[in-house]
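So the structure is just underneath, and the comments pick up after that.
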Amino acid sequence: MPFAEDEVRIDLMCGVGDDGHWHGTLGVNVEAGALGRLGLHPDQPTSVVAGPSPPAWWHAAGERYATRRQVVRRHAP
C-alpha cells in the first residue's frame, strides 16, 4: 500500500438499528499529507493528476482483491 500504518485510521461504528438488528459501518480516514503524495489535494481539479501513479502491482492487487470479494447480506434491507 502507498500509505504508512500511522497515516490510515479505520473506525468501526456499530449500533442497533430501528429493526432491532446490529449494524456496522467502517470509516476510513487517510491523512491529507499521504493523499498529497499521490497527487490528491484540495486545489487539484479532479481531471488532472499532479503526482506519480501508484505502481502497477498496487492496481493489480486491488483488482484481484475486488474480484475475490463477494458482498454477503445477512439481513434483508
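Describe numerically, in nm with one decimal, the distance between label points set 7 Å from Cα along Cα→Cβ at residue 38 and at residue 14.
Computed distance between label sites residue 38 and residue 14 equals 2.8 nm.
So how much slack lies between residue 64 and residue 26, counting 0.36 nm per residue of separation and subtracting their Cα-Cα distance, in nm?
Gain in length upon complete extension: 11.6 nm.
Give me the percent relative contact order of segment 5-68, please, defined on Cα pairs under 8 angstrom at least 6 residues apart.
Taking the mean separation of contacting Cα pairs over the length of segment 5-68, I get 22 percent.
Bear in mind that the values in this text are calculations on the coordinates, not laboratory data. Because the structure is predicted, anything quoted here is derived from the model rather than measured. Heads up, the Cβs are rebuilt from the backbone with ideal geometry, glycines too, and the neighbour counts pull from every protein chain shown.
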